Amino acid sequence: MIELRNITKKFKDSIVIDDISMKIRDGELVAIIGSSGCGKTTTLKMINHLITPTRGKIFIDDVDIDTMDQVELRRGIGYVIQQSGLFPHMTVKDNIEIIQKLEKKSKEEIEESTSSLMDMVGLSDDFLYRYPTELSGGQQQRVGVARALANRPEIILMDEPFSALDPMTRISLQDELIALREKINTTIVFVTHDMDEAIKIADRICIMKDGKILQYDTPEEILRNPYNEYVENFVGINRIWDSPEYIKVEDIMIHTPVTCRDDFTRFRCIRRMRERNVDSLMVVSDDGTYEGIVSRRTLQRVSNLKLRVKDFMYTDRQTASPDENILDVLKIFDEKNVQNVPVTDENGKLVGLITGSTLIATLSQQYLTEEEREEEEGGTDHE
């Protein structure tokens with residue numbers, strides 16, 4: 001684990017990092033993001049002691065990095081920068097193997113590792129004897145990643161490694177990084193200025209401004225609950241629609257659906273629907289367990305007024321769970337051709353309801369401007 005504890009960094013009279021604290025768990029990919037000058041690269045460089053904090057401490061696995069041998073510290077941390085940082089006078093093979101040779105590993109071990117690394121970053125061994133100038137920008141970055149992984153580090157620091165690349169290459173390398181993380185259990189700290197990139201690749205995102213951490217959380221939580229107006233504007237008001245998997249059922253469901261018990265009569269159901277102005281009732285047991293549904297259309301087909309709900313309720317309705325996302329629910333609506341979907345917890349108890357009108361209202365939000373959103377939220381009452 002990496003821990004930054006009350007870190008402050010001053011350059012002359014300018015405070016670049018202002019008393020920040022954060023913990024990065026083993027195996028996480030944390031993206032540090034913010035506008036130019038916010039302190040994100042300085043934060044990154046302090047982790048491997050390229051820059052020394054003015055105040056505060058940094059710990060790796062509970063060991064103060066000030067007490068570590070600085071050469072050993074940096075050899076144990078992979079580092080990838082924007083322009084790949086490859087030595088232009090060395091071949092790809094020499095660039096990748098330089099740290100391993102310093103560690104005096106055997107020739108056989110180094111060659112086996114190099115071949116494996118090339119395969120891991122999607123390059124064939126045909127590239128080994130080329131020089132960096134003979135490679136495309138994307139290929140250079142792949143080699144840079146391979147070199148960073150050469151000593152099997154527990155930590156890799158990446159400072160805007162894809163920002164200088166064309167959009168297609170950048171997307172490709174982001175996908176490569178995501179795939180690579182499934183093969184290695186390495187902690188990655190990734191500096192970027194691109195929120196789309198951070199959301200795509202990161203387990204957690206640290207948003208910085210003026211040397212301070214404004215919000216440090218999962219992409220989902222930042223998209224759903226930005227800490228303040230700056231974060232909301234930085235993220236983008238409608239950006240969550242680019243990642244609809246983060247819109248959870250619990251965020252859009254009706255939390256208090258109208259219910260009935262299975263011993264209700266047809267007459268009593270009709271009266272409750274009229275009183276509450278709904279088209280269906282969720283049938284629950286005394287302890288709140290979901291049992292079925294009664295729709296207005298079903299009641300119209302029941303002629304015997306004395307029949308109880310248990311005699312005509314529909315029990316084969318697919319349910320959703322609160323932690324499913326809006327895409328899961330849309331699939332249910334489409335495949336089952338239903339008008340509503342009950343939401344139940346892990347114990348089968350009814351906790352909410354998604355209706356067709358709920359979905360329409362939610363989906364329409366992506367097309368609203370900020371002014372329209374504020375007007376709608378302030379001027380409309382919802383049951």
Compute the distance in nm between two label points, each set 7 Å from the Cα along the Cα-to-Cβ direction, one at residue 306 and one at residue 193. 7.9
Given +1 on the Cβ of Lys and Arg, -1 on the Cβ of Asp and Glu, and no further charges, what dipole in debye does region 26-70 carry about its Cα centre, rounded to the nearest 20? 400
Student exercise, region 2-246 dipole from Lys, Arg, Asp, Glu Cβ charges, in Debye to nearest 20: 720
Roughly speaking, what is the centre-to-centre gap between region 257-297 and region 326-341 when only Cα atoms are used, to the nearest Å? 21
Potential extension, residue 125-residue 279 segment - 0.36 nm per residue separation minus Cα distance: 48.9 nm
Only helices counted: for the chain, with every DSSP H run of 4 or more residues adding -39500 (n - 2.57) and the sum spread over all residues, [θ] at 222 nm is -10500 deg cm²/dmol
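Grab the other residues whose beta carbon is less than 14 angstrom from that of residue 328, score K and R as +1, D and E as -1, and report the net.
-4
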Net charge of neighbours whose Cβ lies under 13 Å from the Cβ of residue 171, counting Lys and Arg as +1 and Asp and Glu as -1: -4
Given a Förster distance of 30 Å, report the FRET efficiency between residue 250 and residue 18 from their Cβ-Cβ distance, rounded to the nearest 0.05. 0.25
Around residue 260, which amide H atoms from residues at least 5 apart in sequence, or from another chain, sit under 5 Å from its own amide H, with H modelled in the peptide plane? 282, 283, 284
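Packing-wise, with mean Cβ within 10 Å as the measure, how do 304-317, 152-165 rank, highest first?
152-165, 304-317
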With the dipole of the chain defined by +1 on each Lys or Arg Cβ and -1 on each Asp or Glu Cβ, the option from 198, 348, 37 whose Cα lies farthest towards the positive pole is 348
Among 55, 274, 142, determine the one that fluctuates most according to a GNM of the chain built with springs between C-alpha atoms less than 10 Å apart. 274
Note, residue 37: beta-carbon cut-off 11 Å, +1 each Lys/Arg, -1 each Asp/Glu, net +1
I need the helices of the chain that pass two filters: whole DSSP H segments spanning 20 Å or more by Cα along the axis, and mean Kyte-Doolittle score no lower than -1.0. 167-181
Zone reached by a paramagnetic label modelled 7 Å from residue 286 Cα along Cα→Cβ, restricted to region 309-341 with backbone N below 17 Å, covers 310
The farthest towards the positive end of the charge dipole of the chain, of the residues 179, 148, 255, given +1 on Cβ of Lys and Arg and -1 on Cβ of Asp and Glu, is 255
Give, in whole angstrom and from largest to smallest, the semi-axes √(5λ) of the equivalent ellipsoid of region 168-207, with λ running over the eigenvalues of the Cα gyration tensor. 16, 15, 7
Taking 18 Å as the cut-off for C-alpha to C-alpha distance, list the pairs among 9/200; 45/101; 10/209; 40/183; 248/336 that go past it. 9/200; 45/101; 40/183; 248/336
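Each value in this text was obtained by applying a stated rule to the coordinates, not by laboratory testing. Bear in mind the structure is a predicted one, so any value in this text is a computation, not a measurement. No Cβ is skipped: glycine too gets one built from the backbone with ideal geometry, and neighbour counts run over all protein chains shown.
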